[in-house]
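Values in this text are rule-based calculations from the coordinates and carry no lab data. All values reported here derive from a predicted model rather than from experimental measurement. Here the Cβ positions follow ideal geometry from the backbone for every residue, glycine too, while neighbour counts run over all protein chains shown.
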Amino acid sequence: MLQKFVFIILVLGFNVLFAQNKSEEIAIKNVIHTFFEGLHKGDSTIMKKTLHKNIKIQTTSTNKKGLPILKTETRNQLLTSIAKKNPEYVYLEKLLSYTIKIDGNLASVWTPYEFYFNEKFSHCGANSFQLFNDNGTWKIIYLVDMRRREDCNYLKEKN
């Protein structure tokens, strides 16, 4: 009888933890979705809601010689570039998948993507987001993306 009781308590405990983790994953995914909603609409106000005030933003790629490049951008630079985006330009970043890892108030999100500019394929790569849960609100504290023009089918095959 005691073993059944302990088993039931354990099962219920795991179900509660699983449900909490799923709701956190949904909340985190919503932050990422909102970030890209702002990007696609060219609305820096929408994007700003998702970004921690001390966010670090970087982009990696390779130059024409194949050498690695790492660029760093501030929160204000990102938001200003989105706010000043030419309304005739259409950005679409198509996320191919989400891999979300959570430990307490820290979350990591990996999103391979394809990027389209005015409905034409531009490049592909992956985003790595680090989020911090600040009193119940997930905010992006670090964002790095990788950009390339070749080997983009690799991303589709892996996902």
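Data overview
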{"read-out": "Sparse-neighbourhood loop sites, trypsin sites (Lys or Arg not before Pro) in segment 55-159 - DSSP loop, at most 16 other Cβ within 10 angstrom", "value": "K64, K65, K84, K85, R149"}
{"read-out": "Low-density loop positions, GluC sites (Glu not before Pro), segment 70-108 - DSSP coil, at most 14 other Cβ in 10 Å", "value": "E88"}
{"read-out": "Kirkwood Rh and Cα Rg combined as Rg over Rh, evaluated for segment 40-118", "value": "0.99"}
{"read-out": "Within-15-Å neighbourhood charge of L106 [Cβ basis; K, R +1; D, E -1]", "value": "-1"}
{"read-out": "Loop-resident sites, segment 52-159, for chymotrypsin sites (Phe, Trp or Tyr not before Pro), counting at most 10 other Cβ within 10 Å (DSSP)", "value": "Y89"}
{"read-out": "Spin-label model distance (nm) - T59 vs S122, 7 Å beyond Cα toward Cβ", "value": "0.7"}
{"read-out": "Least to most buried among M146, M47 (fewest other Cβ within 10 Å first)", "value": "M146, M47"}
{"read-out": "Extension gain (nm, one decimal) between W110 and A83, 0.36 nm per residue minus Cα-Cα", "value": "7.2 nm"}
{"read-out": "Environment charge of L78, counting only residues whose C-beta is closer than 12 Å and scoring Lys/Arg +1, Asp/Glu -1", "value": "+4"}
